[in-house]
Amino acid sequence: MVAITYVEPSGSKVEINVKEGWNLMQAAVANGVEGIVAECGGSCVCATCHVYIDPERLAELPPPSEDELELLEDVKAERKPNSRLSCQVKANESLLGLIVTIPECQT
Amino acid sequence: MTGSDQHILVIGAGQAGLQAAETLRSNGFEGRISLYGDEPYAPYHRPPLSKAWLTEKIDERQLTIRDISALERKGILLRTGSVIEAIDPHARSARVSDGSLVHWSGLVLATGATPRRLPGSESSKAVHVLRSRRDATEIAERLQHCAREGRPIIIIGGGFIGLEVAASARKLGLDVTIVEAASRLLERVLSSDLSQWYADLHRSRGTKLLIGAQVSNIEPVGPDQAIVHFADGRSVQAGLVLTGIGVIPNDGLARKAGIECDNGIVVDDCCRTSVPNIVAAGDCTVRRLPDGAKIRLESVQNAVEQGRSAALALLGKEKPFTETPWFWSDQYGIKLQIAGLSHGADTWVRRGESSESGFSIFHFKQDRLIAVDSVNAVKDHMLARRVIGTSAAPTIEQVQDARFDLFTLRSKSA
């Protein structure tokens, strides 16, 4: 289990123990974290699970695929250098304590 | 309808029903919300069932869209394994299979659809349809069984479900044959050239295709095999026969209650049915367009958008569903994304070479862009979803001109 903190659009913080191998979207939506739509269920086709990764730890994540980068161009909220699609980031030990901020809109 | 003494009953705990329930809560509805599902699980994602669920070891909870505890926190009561047997629009009640009666002030019908089956094959362990998690789990087991025993599999129907399962089965190294009655694959959704491209793709990955082949019947053989008999006298034996030949909307509850149905529960663009305080969303619906034509969409996006519209209509905040329809399919790791509906197109233009490195087909009707099919071209797809039906849509000439940068149109659409 990897403890990840999600910051909802309202500012509320929710800490979730994410199973290794799960992606950050799956853990968030199953637990009812507000603000992630994930319309395609993690197929990397819809750009509605946009999150901002703690900038200081961004480099610890495997880089986004070409598809993810292209989808990030179409996210509804502001795209920032630390924007990622949460369905494309899998939990592993190295992400322990990561803070993930959810933008105010996805669609 | 926002008072705390109200009760909204949502029948169907799939994507549309869940969306409706959550939209009610997030839009100020303070009364009770009950979400009744006939399956034994919390709402889950169906798209992976024909793909990763068949080929990888996935923790079953990873399919969950929302845990029961997360729904509880939102004040949504989820009842799994609960079948609603009848609804009474006058008494505003619903009869549950355990004999109890549920009273409601508003009703959302999100009852989904049932896969069509071919007659005579229901009892065989070798013959399957794919809709539910249970279906997919049984198919995954059959695929493993066929791999061990060296038995071929046959897929009847060259639509999305059939093609995706074929790709998954090839990934497991199985001998796969796809049988399609029409003259080409994905006839209802793709242009003929793209159908051909997909036929070539499947053949190149070792899948056999029988196009234009009419199945006459399926004959169970022993406990776990079946023979598919064709109209021309041929027959093939297999360890798994999957039929993916479309669905029938679950509109029985509505029909018996006197709600207008026509191959689905008829709804307007705000998801209202013919009866006040009863709305419907998702695969069980057929939408009446302003010109009177009726359209059925079976997609996650449609379920989500209609679920939202339906909930808002009950709250008196009608929000017409106007988004460009979109669909996707994954086969052999190749991503097909469709934006818009190409039916009725008179001109099509390809951008990019027809290869796995990415291309799109732009469909025009009377010089207006109506749909774009993209293969491994995510950017084209996202652009299409933005510009179809708007003044930012490209002209035929712009799409034909390889030097014209389509992405400059994005700023125009913003």
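The values are calculated or read from the model by the stated rules, or taken from the named source; none is laboratory data. Computed from a prediction, not measured in an experiment: that's the story for all the values here. Using ideal geometry, Cβ is built from the backbone for each residue, glycine included, and neighbour counts are taken over all protein chains shown. Only protein heavy atoms, including side chains, enter the accessible area calculation; ligands, DNA and RNA are left aside. Shrake-Rupley method; radii C 1.70, N 1.55, O 1.52, S 1.80 Å.
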Over all distinct alpha-carbon pairs, what is the Kirkwood Rh of the range B:316-409 in angstrom? 13.7
Please compute the average number of Cβ atoms from other chains found within 10 Å of each residue's Cβ in peptide A:62-71. 2
With all protein chains modelled, accessible area of B:Val189 [1.4 Å, Å²]: 50
Links exceeding 20 Å between C-alpha atoms in this model, out of A:Lys80/B:Lys319; A:Lys19/B:Lys57; A:Lys76/B:Lys365; B:Lys319/B:Lys412; B:Lys125/B:Lys171, come to A:Lys80/B:Lys319; A:Lys76/B:Lys365; B:Lys319/B:Lys412; B:Lys125/B:Lys171
Could you pull out every residue, at least 5 positions away or on a different chain, whose amide H is within less than 5 Å of the one on B:Ala280? Hs are placed 1.01 Å off N in the peptide plane, and Pro or chain starts have none. B:Leu109, B:Thr273
Chains A and B: buried accessible surface, both sides, probe 1.4 Å, rounded to 100 Å²? 2300
Report, as an integer, the average count of C-beta atoms from other chains found within 10 Å of each Cβ along A:19-25. 2
Take each of the peptides A:39-52, A:94-107, average the number of other beta-carbon atoms within 10 Å over its residues, and list them starting from the highest. A:39-52, A:94-107
Solvent exposure of the range B:220-326 as accessible area per residue, Å², 1.4 Å probe: 38
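Need one value for B:69-82: mean number of C-beta atoms belonging to other chains within 10 Å of its residues' C-beta atoms.
Partner Cβ neighbours, averaged per residue: 1.
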Taking amide H positions as placed in the peptide plane 1.01 Å from N, state which residues far from B:Gly358 in sequence (5 or more) or on other chains have amide H under 5 Å from it. none
Ranking request for peptides B:269-276, B:14-21: highest mean number of other beta-carbon atoms within 10 Å first, then the rest in descending order. B:14-21, B:269-276
B:Ile33, B:Ile370, reordered so the largest accessible area comes first (probe 1.4 Å): B:Ile370, B:Ile33
Measure off, as a whole percent, the carbon and sulfur share of the 1.4 Å-probe accessible area of chain B, all protein chains present. 47
How many percent of Cα pairs in chain B exceed 27 Å? 56
For the range B:140-208, what's the radius of gyration and Dmax over Cα atoms, in angstrom? 12.2, 38
Which residues' amide hydrogens lie under 5 Å from the amide hydrogen of B:Ala113, considering only partners 5 or more residues apart or on another chain, with H built in the peptide plane? B:Asn250
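Only helical DSSP H runs with n ≥ 4 go in: add -39500 (n - 2.57) per run for chain B, normalise by residue count and round the 222 nm mean residue ellipticity to 500 deg cm²/dmol.
Details: 11 runs with 104 residues, N = 414.
The helix-only estimate for chain B comes to -7000 deg cm²/dmol at 222 nm.
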Go through the range B:161-177 residue by residue and turn each phi into a ³J(HN,Hα) via Karplus (6.51, -1.76, 1.60, θ = phi - 60°); whole Hz please, and just put x for glycine and proline. 4, x, 5, 5, 5, 4, 4, 5, 5, 5, 4, 8, x, 7, 7, 10, 10
Could you grab the relative contact order for chain B? Cα pairs under 8 Å, six or more apart, rounded to a whole percent. 14
Whole-Hz Karplus ³J(HN,Hα) for the range B:353-365, in order, using 6.51 cos²θ - 1.76 cosθ + 1.60 and θ = phi - 60°, x for Gly and Pro? 6, 6, 9, 5, 7, x, 7, 9, 10, 9, 9, 10, 10
Just the number, please: percent antiparallel of the DSSP beta bridges in the range B:159-297, rounded to the nearest 5. 65
Length-normalised contact order for chain A - Cα pairs under 8 Å, 6+ apart - percent: 41
Once all protein chains are kept in place, B:Thr207 shows an accessible area at probe 1.4 Å, nearest 10 Å², of 10
If you take every residue apart from B:His343 with its C-beta less than 10 Å away from the C-beta of B:His343, what net charge results, scoring Lys and Arg +1 and Asp and Glu -1? +2
